[in-house]
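The structure appears right after this line, and notes come after that.
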Amino acid sequence: MLIVDVLLAGFTLGGMYALIAMGLTLQYGVARIMNLSYGEVLVMSAFGTWFAVTRLDWNPVAVLLASLPLGYLASWLIYRVLMMPLVRRSGAGPALEVDSILATFGLLFLLQGVLLLAFGGNYYSYSYLSQPVDILGSQVAANRLVVLGFAAAIGLGLYLLLTRSRLGTAVRAVAVAPRFAPLVGIDVWRLSAIAFGIGGALVAGGGTLLSMFLPFSATMGVVFAMKALVVVIMGGVGNLLGCLVAGLMLGFAETLVARFVDPGLTLAVNFALFLLVLLLRPAGLFGRVAR
Amino acid sequence: MNTRRSFLRRSALLTASAASLAFATLAAGPAAAQAGPDKIRIGWAVAKTGPNAPGVATTVLPNYKLWVEEINAAGGIQLKSGKRVPVEVVEYDDRSSSEEAVRAIERLVTQDKVDFILPPWGTGTNLAVGPTFHKHGYPLLAATAVTDRAPDLVKRWPNAFFFLGTGHGYGEALVSYLEQERKAGKIGTKVAMMSVADGFGVDLGGAARKVVAKHGFELVYDKTYPVGTQDLSPMLNEIKALAPDVFIAFSYPPDTLGITDQAKVIGFNPKVFYTGVGTQFPLYKNKFGANVDGVMSLGGIDADDPAVQAYFRRHKEVTGQEPDRFASPIVWVSLQMLQQAIERVGVDRAAVSKELAGGTFDTILGQVKLVDRQWPKLWWVGQWQDGEFRGIAPTDRAGARPAVIPKPAWKP
Amino acid sequence: MSAPLLKVAGLTKAFGGLVAVDKLSFEVAPGEVIGLVGPNGSGKTTAMNLISGALRADRGSIRLGEAELVGLRPDRIVRHGVARTFQLVRVLGSLSCADNVAAGLAFHPGGAFGAGARERIHALLARVGLGGREELPAGELTYIDQKRLELARALALSPRLLLLDEWLAGLNPTELREGIALIRSLRDEGLTMILVEHVMEAVHALCNRCVVMNAGVLLADGPTAEVLRNPEVVRAYLGEDVETDDLPPPRLPTGEAATQLNLGAGGQHA
Amino acid sequence: MNALPSPAAAGNPAGAGRLALQALMVAGLALLAALPWLGADDYLIAVGINILQYGVLATAWALFSGPTRYVSLATVAFFGIGAYTAAVVGETLPWPAVLAVALGISVVLALVVGLATLRLSGVHFVIFTFGLAELVHQLVNWYEVNVTRTLGRYLFVDITQVQIYWQLLALLVGVLATGWAIRRSRLGLALQVIGDDEVVARHVGIDTTRAKLLLFAISAGFIGLAGAVMAPRWTYIDPAIAFNPVISFQVLIMALLGGANRLFGPLLGVLPVAILFELLSGSFPNHFMILLGLVFMAIVYFIPNGLFGLLQRRRHRAGKEGSK
């Protein structure tokens, strides 16, 4: 009972962390854009889902099917239109990091401003599948299971895409050695745009899934972006498996501490765990040392 | 134009006679010295962005807008002279930062020279701007601040007014109310309590913790959780296993939703189910529908009162959203009081403060008279009944409903 | 032979399964200039990195005079009097030439800083042929001039032992002549040096002794002419390529060096 | 920042300019200090406080992050520690002692943290420092909730707005003077070398860890002091107010915008951003975020090397044209 409770809670929370971090690790690991507006895209997708569900009577799962390609398209455009000039200008050198931080910080304000205009500062939430499902004597909300299932499916799909396809191989090549990729005929910029787009699809999907069980407001994006960044760095930049492991570690740490130590320390333990991992492995769990 | 000229002359006369009074109120700006202004400038700096934005958007800003709208639709605030003067608004965004809020208030005072400033949202921000209001002699109608220090603060800041009580008040009132129900045999002695690790949760939780034993209860679970915790299910699972009679969560809006959701999912249905801020929000009812019935929280309202109903209706008409059932009506009451005080004594801030402190006002919550510049007649406990969040304690207050205990079971 | 200045004994360093330097032992006498030669990947640069402290030895000892260098941080080793240049030139590109040299002068016991350093900076820059370029950002120098600047920075450390890692590689014949003359003048002043070098012309001209490495082990150690005729050495050079050191790939500098993809002197790692 | 006199000071036309600039700075400083007597109203002082606060923070931030290129988001950890220290001991100790305690705690924390973290590099360091600030926030929160059982402290001390303004001004002068001195010291050169190539730094005999640690602590000390100085302004301080991560980001953005590698660069970033925030939030309270976002992006796209870089290029060009 207790064990099942802890396992379920740990997996759903950890899975959510992993899911929202996967897109960011692609954007940062491959396209080298430290995207601070990441959380805003997530929240935008959550609002879009809320709108479609409550006003247009869509099923949230159907919205998910729409938000993935929309997220891809929007992010791909952001990269082509907004990031490309910066990438060109910096020659993908160290200046890109600073420039992309500043530019996406601006984008963060812009997107949040639009959200605030459209929806105000209120919390939004809708109910979807919030019935209990009994698993080995433990009750868990159906919506969380749906989210967990989709997170796993999306993660697996992405993993297969990256490891089993030509596109994926090229993307990984860019992630590992951006300067050598052109030598084997890879168009780094085109691939970066694709990776950035896929990252956007993931985060949009994440927003839709999140809205199924968490209340959200226009100003909450930063919280998610920071959580995602922590997971990405902890797992090792550009590493999907790292995201998964780091996300689950944080999820389980939070659940275990809440249950057995003191719920007041959950966030402290999360950050302590993150700091500890970085101290022991400065490049993250699965990261290679910067060379 | 004729009327205007005569009006000016009259105001000049009044100014002269008022000048003798004015030196006593050094802080009062030049606008206050004119007894008959063309308009009344109202300023506010509230969080349109940042973590406080949801609180502002739910409780504060709709009321401010409604207030301005109603006054100006009527042609303005009717001064003693009989003239109606419209209000003009200057607004800023404090970006949920104390420092921004302080600066914005300075700006409203010294640059925009507004006549009155409506308060920001939340305990921390209200206290942060307190010294600035005090320095410039502006009345501070803190309608969304819950602080145990309120009795000290009113001594320190003679222009400050506190409307929402103390954390101690809510915590203690809740437990002593529950004692009545226990003595009536409706509930047992086991209490489980969780509170958000923020000023609100700590104050209310601390007050409740102190008096739990005194009122014959046993605290079987007492933990805090940090603001921003995304998953509260481990705590609720643990609490459910303890099978308490009374569940109390001094929580913030997103947690309130999460706790209720999780309790419903795991079938945790104690005899008393109490959650914190957010329970009284329209969002709560929209999300949980009929399942809200029986849920308790702080605040409440006598929803059958026609004045209250009229307020709800107007709020919805003008702002497109329903008010919450905790602080919204109280913010509105504070605004009604401010308007009436201005109608009685004009835009002289010192006089308005004096009137607010000593006067009796006719509001949607009946006759209001502050005691030590605080409002004692609060609903300490409320409960959702028949789709409305109604006040249940203090039980001797007019309009108090008997509580529904045990809480009805969650519906799927 | 007088007491050796540098005494390397049983020096061993492995990267994962690959033993890059295997029980290497040799000595360098004061004032001696030796060539450290061998095919690509034979462990020469690793040996240099071990001596200068960029890498930490698994086993063995490196003694400079009385001091044991193994286990010391690079900045400590510098204070004992070991200076080096890098295989892929590493000037401080955003600093001026003068500041590059100033960096070499400022942080060791015999150094100088501020006004007191000015003359020595001018002298050192003039010595390597960069007189008058004091204020030019080092990043704007040509590759060859960057190498000169790097040497000036190393000399600023007033070393007892100077490690030059392929310092003469990539020079045109005129530059090579100048370069050899410069190093010879240092030798004539009594500076002890180890040259990792592929340019045999330079090895012949500068080194009276050579240490030859292959696949991490010492192959030969003796007078230059003799050692380079050794059939084993010849086979090692002309025979099959040995796998490269498992060292982090280098940061690629800009310009002509970008085509040099062999091992670097250790990347940005600790 | 040079071991040698920099070209600008070496008697070319720009040298005279520098002298004039210094005179201008002293005059400006005197003017700023006298502002409260020159009839500046409370609002102007409040704006001044805001600019000075961020001026101190951004300059102190760049003391460390500029030359070493370690982008730190731990600003608010030290700022919050300072503010919180003031809140805890502010009503019991005399004010200079309060400042000393805040300084001491910030420096000690920086030393402990620095020892552990300065081997991280790049974005790992960035996020680490962000995590650090959050961890400190959470721990203070937990301590207050579970040990002292009160969250949110009230700080009533008799320190006026103008006094805060002067303290900040003094602090700014202090941090600039420190930065100026460091730039002329061995430490300054060491940091420049570290920022350019840490491997080389070690191979010219620089104890890189010590240098970075020292500077991190100095920078943190100033940031902590700024927090303590600001605390009396808010009356009520809880961890969420003291450790608001927005402060870290704002400091970072301002310093990067101005140019983190120059002593006066961060200030150059603080001025326009602070004034821009003020203008936009006043004129367009509802579109503030959108406009701010647009302006930000415009800056990135059109002023790529920071404002200091822009000014320098201007001067460069003017100089070149003049010599033709």
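The values are calculated or read from the model by the stated rules, or taken from the named source; none is laboratory data. Quick caveat: nothing in here was measured; it's all calculated off a predicted structure. All Cβ positions, even for glycine, are placed from backbone atoms using ideal geometry, and neighbour counts span all protein chains on display.
When the residues of the range D:144-160 are filtered to those that are more than 9 Å from chain A (Cβ to nearest Cβ) and of a type in the set (A, V, I, L, M), which remaining residue is farthest from the chain's Cα centre (by Cα)? Only one residue tops the list, namely D:147. Right, residue B:54: more than 14 Å from chain A (Cβ to nearest Cβ) and either charged (D, E, K, R) or surrounded by 24 or more Cβ atoms within 10 Å (Cβ to Cβ) (or both) or not? No. Quick check on the range B:371-378. Is at least one of its residues of a type in the set (Val, Ile, Thr), touching a Lys or Arg at 6+ places or on another chain (Cβ under 6 Å), without any contact (Cβ under 8 Å) to a residue 12 or more places away in the chain and farther than 20 Å from residue B:248 by Cβ? Within the range B:371-378 (the criterion being of a type in the set (Val, Ile, Thr), touching a Lys or Arg at 6+ places or on another chain (Cβ under 6 Å), without any contact (Cβ under 8 Å) to a residue 12 or more places away in the chain and farther than 20 Å from residue B:248 by Cβ), the answer is no, since none of the residues qualifies. Close Cβ contacts (under 6 Å, 6 or more residues apart or on different chains) running from residues in the range D:255-277 that are more than 11 Å from every other protein chain (Cβ to nearest Cβ) and basic (Lys, Arg) to residues that are buried (at least 20 other Cβ atoms within 10 Å of the Cβ) and not in a loop (DSSP other than H, G, I, E, B) comprise D:262/D:308.
The residue pairs whose first member lies in the range A:123-140 and is more than 7 Å from every other protein chain (Cβ to nearest Cβ), whose second member is assigned to a loop (DSSP other than H, G, I, E, B) and surrounded by 13 or more Cβ atoms within 10 Å (Cβ to Cβ), and whose beta carbons are closer than 6 Å, counting only pairs six or more residues apart or on different chains, are A:128/A:212.
Here residue A:77 meets the list (1) away from chain D (no Cβ under 14 Å); (2) closer than 30 Å to residue D:286 by Cα; (3) in contact (Cβ under 8 Å) with a residue 40 or more places away in the chain almost entirely, failing just condition (3). Before we move on, is residue B:191 touching an Asp or Glu at 6+ places or on another chain (Cβ under 9 Å), surrounded by 24 or more Cβ atoms within 10 Å (Cβ to Cβ), more than 29 Å from residue B:337 (Cβ to Cβ) and within 14 Å of chain A (Cβ to nearest Cβ)? No; evaluated as a whole, the condition is false for this residue.
For every residue, the table says whether it meets (1) more than 8 Å from chain D (Cβ to nearest Cβ); (2) closer than 17 Å to residue C:162 by Cα; (3) without any contact (Cβ under 8 Å) to a residue 24 or more places away in the chain.
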position	(1), (2), (3)
C:48	yes, yes, no
C:69	yes, yes, yes
C:81	yes, yes, no
C:85	yes, yes, no
C:94	no, no, no
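Kindly indicate the residue of the range A:1-37 that is polar (S, T, N, Q) and more than 10 Å from every other protein chain (Cβ to nearest Cβ) and also nearest to residue A:287 (Cα to Cα) among those meeting that condition. Filtering first and then ranking leaves A:25. For residue A:106, the conditions (1) more than 7 Å from every other protein chain (Cβ to nearest Cβ); (2) under 21 Å from the mean Cα position of the chain (by Cα) are fulfilled apart from (1).
Listed by first and then second residue, the pairs linking a residue in the range D:139-151 that is closer than 15 Å to residue B:250 by Cα to a residue that is among the aliphatic types (A, V, I, L, M) and not in a helix (DSSP H, G or I), with Cβ atoms under 7 Å apart and 6 or more places separating them unless they lie on different chains, are D:145/B:197; D:145/D:151; D:151/B:197.
Residues in the range B:124-146 that are at pLDDT below 90 and surrounded by fewer than 24 Cβ atoms within 10 Å (Cβ to Cβ): B:131, B:135.
Taking every residue in the range B:149-160 that is over 18 Å from residue B:349 (Cβ atoms) and pairing it with any residue that is in a loop (DSSP other than H, G, I, E, B), at least 6 positions away or on another chain, the pairs with Cβ-Cβ distances below 6 Å are B:150/B:166.
Among residues that are within 24 Å of residue A:264 (Cα to Cα) and within 13 Å of chain A (Cβ to nearest Cβ), residue B:289 is not included. Of all residues in the range D:92-115, those satisfying the criterion of being within 13 Å of another protein chain (Cβ to nearest Cβ) and exposed (fewer than 15 other Cβ atoms within 10 Å of the Cβ) are D:112, D:115. Going through (1) of a type outside the set (Ser, Thr, Tyr); (2) touching a helix residue (DSSP H, G or I) at 6+ places or on another chain (Cβ under 6 Å); (3) away from chain A (no Cβ under 14 Å) one by one, residue B:271 falls short only on (2).
Of all residues in the range B:240-268, those satisfying the criterion of being farther than 24 Å from residue B:289 by Cβ, more than 30 Å from the chain's Cα centre (by Cα) and not small (Gly, Ala, Ser) are B:242, B:244.
Scanning the range D:278-298 for residues that are at the interface with another protein chain (Cβ under 7 Å from one of its Cβ atoms) and either in a helix (DSSP H, G or I) or of a type in the set (Asp, Glu) (or both) gives D:281, D:282, D:288, D:289, D:290, D:292, D:293, D:294, D:296, D:297. For residue A:118, the stated conditions hold: it is touching a residue at least 40 places away in the same chain (Cβ under 8 Å) and within 14 Å of chain D (Cβ to nearest Cβ). Residue check: residue C:100 meets all listed conditions (1) touching a residue at least 60 places away in the same chain (Cβ under 8 Å); (2) within 11 Å of chain D (Cβ to nearest Cβ) but one, namely (1).
Taking the stated definitions as given, is residue A:249 buried (at least 24 other Cβ atoms within 10 Å of the Cβ), more than 8 Å from every other protein chain (Cβ to nearest Cβ) and within 20 Å of the chain's Cα centre (by Cα)? No, not satisfied.
Here's the yes/no breakdown for (1) over 20 Å from the mean Cα position of the chain (by Cα); (2) part of a loop (DSSP other than H, G, I, E, B):
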position: D:70; (1), (2): no, yes
position: D:77; (1), (2): no, no
position: D:130; (1), (2): no, no
position: D:142; (1), (2): yes, no
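Does residue A:238 count as over 23 Å from residue D:244 (Cβ atoms), assigned to a helix (DSSP H, G or I) and in contact (Cβ under 8 Å) with a residue 60 or more places away in the chain? So residue A:238 fails the test. For the range B:208-221, the criterion of being more than 8 Å from every other protein chain (Cβ to nearest Cβ), under 21 Å from the mean Cα position of the chain (by Cα), closer than 28 Å to residue B:395 by Cα and at pLDDT 90 or above is met by at least one residue. Filtering the range B:213-255 to residues that are touching a residue at least 40 places away in the same chain (Cβ under 8 Å), charged (D, E, K, R) and touching a Leu at 6+ places or on another chain (Cβ under 7 Å) leaves only B:255. Just checking, how many residues over the range C:54-111 are in contact with a strand residue (DSSP E or B) (Cβ under 6 Å, 6 or more places away or on another chain), closer than 30 Å to residue C:141 by Cα and among the basic types (Lys, Arg)? Going through the range C:54-111 one residue at a time, the tally reaches 1. Is it the case that some residue within the range A:266-286 is over 24 Å from residue A:180 (Cβ atoms), facing another protein chain (nearest Cβ under 10 Å) and touching a residue at least 60 places away in the same chain (Cβ under 8 Å)? Checked the range A:266-286: no residue is over 24 Å from residue A:180 (Cβ atoms), facing another protein chain (nearest Cβ under 10 Å) and touching a residue at least 60 places away in the same chain (Cβ under 8 Å).
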